[in-house]
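The values are calculated or read from the model by the stated rules, or taken from the named source; none is laboratory data. Note that this is a predicted model, so its numbers are computed, not measured. Cβ coordinates were reconstructed from backbone atoms using ideal geometry, including for glycine residues, and neighbour counts include every protein chain displayed. Note: areas computed on protein heavy atoms with side chains; ligands, DNA, RNA excluded. Shrake-Rupley method; radii C 1.70, N 1.55, O 1.52, S 1.80 Å.
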Amino acid sequence: MPRSQSARKPRASSQSRIVGILAAARELLAEQGVVGLSIYNVAERAGIPPSSVYHFFASVPALLEALTADIHRAFRACLQVPIAHASLRDWRDLSRLVEQRMLAIYASDAAARQLILAQHGLAEVTQADRLHDIELGQALRALFDRHFPLPQLPDDVDVFALAMELGDRVYARSVYVHGSITPRMAEEGMRVFDAYLGLYLPAHLPKRHLPNTPS
């Protein structure tokens, strides 16, 4: 992760430099994929010396871990967009809405597709993605509980995080075969997401009269 994520918040100039570095890395990922990424071509694209990139990111995996964190912030933010409670007939309406928002992020962000769905073989990035999935799963569970009283769920399995990971495997297959998430495979991914959640959520889970207020 960037050195700036230590105890103190980076100065505005440093934060601006980090934003520029990450933007350059995103462009290169979209054009060349993970394999073509290096500290030197990121520096060239950002218009700064390589030493400036190394100041914040000691290696390409550290840079990609920071990008992965940035992508997951976008996923978590999409869960915070208000949802019309009255429009939800059952929990599957909510799951479809959530998956559609996440699919929109994948569609608009080549870096998200490259880092989370493509086969890059970088263990550090894969581990970072899984750790962020835990946070995302907790946020998703809280969102579902806001609209539907959830039944007792297992303590040893993060049901919502695992449902997302299973759906992502379908999307990853589509990216590998087609270069993108096709409408057909998007539908299959949402079916996988719902099918796994359906092992734990009753088909006729009653909706709350009013949504819970987020804590």
Could you give the size of the charge dipole of the stretch 152-215 about its Cα centre, using +1 on the Cβ of each K and R and -1 on the Cβ of each D and E, expressed in debye and rounded to the nearest 20? 300
Cβ-Cβ FRET estimate between GLN152 and VAL19, R0 fixed at 30 Å, reported to 0.05: 0.10
For the chain, set up a Gaussian network in which alpha carbons nearer than 10 Å are linked by springs, and say which option among ALA69, ALA161, ALA12 fluctuates the most. ALA12
Listed residues GLY179, LEU29, HIS120: farthest to the positive end of the dipole of the chain (Cβ charges): LEU29
Scanning the chain for helices, which whole DSSP H stretches are 18 Å or more long along the axis (Cα) and average -1.0 or more by Kyte-Doolittle? 12-32, 60-79, 91-108, 123-147, 159-178, 183-197
The chain, Gaussian network, Cα under 10 Å: of ILE21, ILE83, ILE116, the residue fluctuating most is ILE83
First compute the accessible area of the chain with a 1.4 Å probe, then give the percent of it belonging to carbon and sulfur atoms. 54
Working only with C-alpha atoms, what are the Rg and Dmax values of the stretch 117-215, expressed in angstrom? 15.3, 46
For the pair LEU162 and HIS204, the simple spin-label estimate (label points 7 Å beyond Cα toward Cβ) gives in nm 2.7
Accessible area per residue, 1.4 Å probe, Å², for the stretch 37-138: what's the number? 45
Extension gain (nm, one decimal) between SER51 and HIS85, 0.36 nm per residue minus Cα-Cα: 7.2 nm
Here the alpha-carbon Rg of the chain over 2.2 N^0.38 Å rounds to 1.12
Taking the simple approach of a point 7 Å from Cα along Cα-to-Cβ for both VAL35 and ARG73, what is their distance in nm? 3.1
Using helices alone, I'd like the mean residue ellipticity at 222 nm for the chain: each DSSP H run of four-plus residues gives -39500 (n - 2.57), total over residue count, nearest 500. -21000 deg cm²/dmol
Relative contact order (%) - the stretch 114-215, alpha-carbon pairs under 8 angstrom, separation at least six: 35
About the Cα centre of the stretch 119-180, what is the dipole size in debye to 20, counting +1 per Lys and Arg Cβ and -1 per Asp and Glu Cβ, all else neutral? 280
List the relative contact order of the chain as a percent without decimals, with contacts defined as Cα pairs under 8 Å and 6+ residues apart. 21
Pick from PRO49, PRO149, PRO82 the residue whose mean-square fluctuation is largest in a GNM of the chain, springs joining Cα atoms under 10 Å. PRO82
